[in-house]
1. When the residues of segment 103-149 are narrowed to those that are of a type in the set (Ser, Thr, Tyr) and touching a Lys or Arg at 6+ places or on another chain (Cβ under 7 Å), which ends up farthest from GLY72 (Cα to Cα)?
2. Identify, from the list LYS32, LYS16, the residue that is of a type outside the set (A, V, I, L, M), under 20 Å from the mean Cα position of the chain (by Cα), under 14 Å from GLU124 (Cα atoms) and exposed (fewer than 10 other Cβ atoms within 10 Å of the Cβ).
3. Looking only at segment 45-100, how many residues end up being of a type in the set (A, V, I, L, M), in contact with a helix residue (DSSP H, G or I) (Cβ under 8 Å, 6 or more places away or on another chain) and either at pLDDT 90 or above or over 30 Å from ASN113 (Cβ atoms) (or both)?
4. As an exercise: evaluate ALA28 against (1) closer than 24 Å to ALA58 by Cα; (2) free of Cβ contacts under 8 Å to residues at least 24 places away in the same chain and give the number of the one condition it does not meet.
5. LEU31 versus (1) assigned to a helix (DSSP H, G or I); (2) modelled with pLDDT under 85; (3) among the aliphatic types (A, V, I, L, M): which is the lone unmet condition?
Amino acid sequence: MGVMGTLSYITDLWKKPYEEPLRRVIKARLLKWRREPSVVRVEKPTRLDKARKYGYKAKQGVVVVRVRVRRGPFNRRRPNTGRKPKRMGVYGVALSTNLQVVAEQRAARRFRNLEVLGSYWVGEDAIYKWFEVVMIDPNHPAIRSDPDYSGIVGREDERERRQRRVRRLRQRQRRLIERLRQRMQGQGSGKSN
């Protein structure tokens, strides 16, 4: 049997984040993160395995951003005059996009010169969810000379960059809707055991 690498151990730990070795660490981190601003640039990724999967390298031009997104029911205040209860618009108000997509959009809005590569979950409590977004600077010389990022760097057009990001978000949303549809029909997650 082969020897497991460091990233394999990290992946195994994060499969059950609320069990003992990781639980206290996450709890302490969440206490600290609640006091921070909603979008924060971090020095090192919290989950190195996931960051590497989305293209993170410890080099100049690669940035990791932690984003806090509010979760929970998006109930609106009940209007005090002049409607049928059906038209109040209070119940059934759902977010049209995934919270992870919202986190990526906020990071992209905050750091306009950077390109989003991907994002992953790092923690949640009763009010917030935190995601880390891996981003690169397509104009940085270290990124331009790296062949791994050649598919992103070659395009200078800002509109094309935005469209590519929107396309990726729509594809993710479609996959999510398809998974939900399969669950509703009783087919499971679509993966074979």
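The values are calculated or read from the model by the stated rules, or taken from the named source; none is laboratory data. Model, not experiment: these values are computed from the prediction. Reconstructed Cβ throughout: ideal geometry from the backbone, glycine too, with neighbour counts over all protein chains shown.
1. TYR120
2. LYS32
3. Here the count works out to 6.
4. (1)
5. Against the list (1) assigned to a helix (DSSP H, G or I); (2) modelled with pLDDT under 85; (3) among the aliphatic types (A, V, I, L, M), LEU31 comes up short only on (2).
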